[in-house]
1. Considering the range 26-40 alone, what residues qualify as being surrounded by fewer than 16 Cβ atoms within 10 Å (Cβ to Cβ) and either in contact with a helix residue (DSSP H, G or I) (Cβ under 6 Å, 6 or more places away or on another chain) or without any contact (Cβ under 8 Å) to a residue 40 or more places away in the chain (or both)?
2. Within the range 41-79, how many residues are free of Cβ contacts under 8 Å to residues at least 12 places away in the same chain and not in a loop (DSSP other than H, G, I, E, B)?
3. Inspect all residues belonging to the range 92-115 and state whether any of them is more than 18 Å from residue 21 (Cβ to Cβ) and at pLDDT 85 or above.
4. Can you go through 158, 79 and tell me which one is over 23 Å from residue 7 (Cβ atoms), modelled with pLDDT of 85 or more and exposed (fewer than 15 other Cβ atoms within 10 Å of the Cβ)?
5. Would you confirm whether or not the range 63-74 contains a residue that is modelled with pLDDT under 95 and either within 27 Å of residue 116 (Cα to Cα) or under 19 Å from the mean Cα position of the chain (by Cα) (or both)?
6. I'm told residue 84 meets every condition in (1) surrounded by 20 or more Cβ atoms within 10 Å (Cβ to Cβ); (2) over 16 Å from the mean Cα position of the chain (by Cα) except one. Can you identify the failing condition by its number?
7. Is there a residue being under 14 Å from the mean Cα position of the chain (by Cα), closer than 21 Å to residue 127 by Cβ and part of a helix (DSSP H, G or I) anywhere in the range 12-20?
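The values are calculated or read from the model by the stated rules, or taken from the named source; none is laboratory data. Keep in mind the model is a prediction, meaning the values are calculated, not measured. Here the Cβ positions follow ideal geometry from the backbone for every residue, glycine too, while neighbour counts run over all protein chains shown.
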């Protein structure tokens, strides 16, 4: 599995900010409600972030322990990595979309009805930023350090075609 490309996340966030802005402009033009997540979504985002952190810390502690007496289930490590990357992408989507909404709502800041929507967009965008950061940090937790002696060829570490040593290695150790 390849690591997340930060430029891809920036591009995705910028595209979604543009789409969020356009969606808000169209919604206000046709007198529809503003297309943003409710504040209750922050609870779901918090649960996802905590779960990702707990699983990531488990992999991180195993990775940094000097005595590898305990066995880390490779499926758990792979699922933790996938959860971390999904968390980073979902955070980017939420951050980008709600930044676009914020940019549109900020122009009407003086009106009392738009201030609540603006703060709601800021809250969900902040939650998306937290998801993004936690996803990237947990992805880093799952990375095998390059000086690890177990990453020598022939020890069961699987590589994709064209992948060199030290690139894209995660805490997945196959037997």
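1. Listed by number, the residues that qualify are 26, 29, 30, 31, 32, 33, 35, 39, 40.
2. Matching residues across the range 41-79 total 8.
3. No, because not a single residue in the range 92-115 is more than 18 Å from residue 21 (Cβ to Cβ) and at pLDDT 85 or above.
4. Going through 158, 79 in turn, the sole match is 79.
5. no
6. (2)
7. yes
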